[in-house]
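The values are calculated or read from the model by the stated rules, or taken from the named source; none is laboratory data. Not measured: the values here are computed from a predicted model. Glycine also receives a Cβ, built like all others from the backbone with ideal geometry; neighbour counts cover every protein chain displayed.
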Amino acid sequence: MFLDKLTTSIIAVEGEGVISEYIGGYKDYLRQRPNVKTKTQTPNKPSVPDNVEKPQPKRFSYNQKREWEQLPALIQQLNQQINDLENQLANPELINKPHHEISLISQQLKEKEQSLDQAETRWLELSESVC
């Protein structure tokens, strides 16, 4: 096993704040550790009867699914456009151009960055709504 060949000791966080160090690899840790009993049900938590309906996970509507699938391509496209505009602004020959052209490139960059922020936010909202 990979961990057996790599480690010389294991620090294990047992339960209830107990931290123990075991000498050797992972197999040695498994041999040395005390028998750990897992709790199947905590006494403070009532069990849920089988006949109670569990909430169904949310699903995308057709339009939301379509939007969610298209957003990564849009985000990639906006990143590329932002990169191109930043390269234009970094070009030393830009200083020889009229001020309004520089201003136009700067304005386009600002708009693309805002669009990227909105697209990323929307993608996150849609991703979180399913979970």
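If you check residue 66 against the conditions, is it closer than 27 Å to residue 129 by Cβ, within 32 Å of the chain's Cα centre (by Cα), among the charged types (D, E, K, R) and modelled with pLDDT of 90 or more?
The answer is yes for residue 66.
Find all pairs meeting these conditions: Cβ atoms under 8 angstrom apart; at least six residues apart or on different chains; first residue within segment 100-121 and within 26 Å of residue 72 (Cβ to Cβ); second residue modelled with pLDDT under 95 and among the charged types (D, E, K, R).
Note: pairs meeting the criteria are 109/86.
Can you tell me which residue within segment 21-57, out of those that are among the charged types (D, E, K, R) and surrounded by 11 or more Cβ atoms within 10 Å (Cβ to Cβ), is modelled with the highest pLDDT? If you could, list the steps in order and put the result at the bottom.
Going through segment 21-57, the residues among the charged types (D, E, K, R) turn out to be 21, 27-28, 31, 33, 37, 39, 45, 50, 53-54.
Pick out the ones that are also surrounded by 11 or more Cβ atoms within 10 Å (Cβ to Cβ) and you get 27-28, 33.
Details: 27: 80, 28: 77, 33: 77.
Among those that are among the charged types (D, E, K, R) and surrounded by 11 or more Cβ atoms within 10 Å (Cβ to Cβ), it is 27.
When residues of segment 81-131 are filtered for being among the hydroxyl-bearing types (Ser, Thr, Tyr) and surrounded by 11 or more Cβ atoms within 10 Å (Cβ to Cβ), how many remain?
Qualifying residue count for the region: 4.
Do you know which of the residues in segment 86-131 that are under 35 Å from the mean Cα position of the chain (by Cα) and outside any helix (DSSP H, G or I) is modelled with the lowest pLDDT?
Within segment 86-131, the match that is modelled with the lowest pLDDT is 131.
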